[in-house]
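The values are calculated or read from the model by the stated rules, or taken from the named source; none is laboratory data. Computed from a predicted structure; not experimentally measured. Quick reminder, even Gly has a Cβ in these numbers, built from the backbone with ideal geometry, and neighbours come from all protein chains shown. Areas reflect the complete protein model, heavy atoms only, side chains present, ligands, DNA and RNA absent. Shrake-Rupley method; radii C 1.70, N 1.55, O 1.52, S 1.80 Å.
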Number of protein chains: 2
Amino acid sequence: MSPHTNYMKAEDRRAATVDIVVALAAEKNPSEISTTDIAKKMGVTQGALFKHFPTKDAIVQAVIQWIADKLLSRIERAAQAETSPIAVIEAIFFAHIRFVSEYPGAPRMLFSELQRKQASVPKQIATTLLKSYSLRLQQLLENGKTQGLVRADLDTKAAAGLLIGMIQGLVMQSLLVDNIKLMHIEAPKVFAIYRHGIEA
Amino acid sequence: MSPHTNYMKAEDRRAATVDIVVALAAEKNPSEISTTDIAKKMGVTQGALFKHFPTKDAIVQAVIQWIADKLLSRIERAAQAETSPIAVIEAIFFAHIRFVSEYPGAPRMLFSELQRKQASVPKQIATTLLKSYSLRLQQLLENGKTQGLVRADLDTKAAAGLLIGMIQGLVMQSLLVDNIKLMHIEAPKVFAIYRHGIEA
DNA sequence: CGTAAGATAGTAATAATTTACTTACTTTTG
DNA sequence: CAAAAGTAAGTAAATTATTACTATCTTACG
């Protein structure tokens, strides 16, 4: 912990890089983040990054992986606290909202990668994240059906997709007005409508 | 209509440029579309573009304006065919779905511009589009309330935002699997849930 | 009606930046 | 002192925009 040095262990430097990129994505178009931007914000020269990552795409990949892991673990944790399937879905929804308000750069990175047409590794990770998220929700909705809490004729796949879309919509609108607080106000209102849509 | 010439009137060339960009956005990350890409696809040299647009940003601006105009006019047209507020909302929803399946590059361009942090003119246009879209929906939902078709306690602003988010979600998922047809299959299912959520 | 003049729309080449990545060398650390 | 982590400088490719010139179209007039 010497004060006047930039020297870090490789693992710490990689973790710091991921943090910096997520932070940068909150204040800049993710596709416009250059290696120079990252290095400058970290207080290191641009070339130093390539001591720890072979390519820029490897950096992006690490960032997306970090987001996927963090988001899924938060969701899993939120799910454990509740019992009724609908309460679990609600807990997941608000955990997701809290996550993106804590890391506004995270959804921006995800969107940016999902926009890419060609199948890159980062896009693959993002796709897998959304898929496992959706399956988790479908499972909960099916449980809700058997308990008579969810409409029997509900298309659970569509309902899972709708919840994820809802969050995307909220994020997008909060990005527009550049106000994360707005999301916390709007989220409960939107979820109330969703609940009406799926409940028996 | 001479066969062996590229010469076009300025207005036609500008319109052609917009078309090309929308087409390119369907097959490439919008933020990676270069002026060289555009020129090449149009069969013209790169420099020629700057005879008709002062900057690249002016091209993007024209594209976003085209999308906003086209989408709003489609929505307005769809709205006129129906009478009941909920039927109008449904018609608007499916008109929007048809629009994006016809021009898959359009939502990609919009997302891409909305991602930008700093307030550019294109982002301004996109924001205005979403706002006027949302207001139109809120108006319809209020009408639905007075006619007793829509739940009296519905938050119409949240409900309008939800519908737009739904479409964003559908678009994103169809982009993921690179299959526009999927959207046509999923859209009615998702709308059914939404209808349950707002109806009295 | 045909054509020269002038306006318009193009080309080819290039400048000025910016980008991801490399290389040769230096500093710090265990 | 050796390995790890950094710097400084540079390269090749790509990007937007400009410049000097050329081909094509339009139109007014002899």
Open item on the list: Out of A:LEU170, A:LEU154, A:LEU176, I need the residue that is at the interface with another protein chain (Cβ under 9 Å from one of its Cβ atoms) and more than 16 Å from B:GLY165 (Cβ to Cβ). Which one?
Closed with: A:LEU154
TODO: Could you please let me know if B:VAL21 is away from DNA strand C (no atom under 12 Å from the Cβ) and not hydroxyl-bearing (Ser, Thr, Tyr)?
DONE: yes
Task: Residue check for B:SER112: surrounded by fewer than 18 Cβ atoms within 10 Å (Cβ to Cβ) and either among the polar types (S, T, N, Q) or away from DNA strand D (no atom under 16 Å from the Cβ) (or both) - done: no
TODO: State the number of residues belonging to segment A:162-186 that are within 14 Å of A:ARG108 (Cα to Cα) and either open to solvent by less than 50 Å² (accessible area, probe 1.4 Å) or among the β-branched types (Val, Ile, Thr) (or both).
DONE: 10
Open item on the list: Which of the helices (runs of 4 or more DSSP H) found entirely inside segment A:38-139 contain at least 3 residues meeting this: more than 14 Å from every other protein chain (Cβ to nearest Cβ) and among the polar types (S, T, N, Q)?
Closed with: A:56-80
Task: segment A:18-37 - residue that is not hydroxyl-bearing (Ser, Thr, Tyr) and not in a helix (DSSP H, G or I) and, of those, nearest to DNA strand D (Cβ to nearest atom) - done: A:ASN29
- [ ] Confirm whether B:ASP178 is within 19 Å of the chain's Cα centre (by Cα), part of a loop (DSSP other than H, G, I, E, B) and either closer than 21 Å to B:THR83 by Cβ or not aliphatic (A, V, I, L, M) (or both).
- [x] yes
Open item on the list: Among the listed residues B:LYS157, B:LYS189, B:LYS145, B:LYS181, identify the single one that is touching an Asp or Glu at 6+ places or on another chain (Cβ under 6 Å) and among the basic types (Lys, Arg).
Closed with: B:LYS189
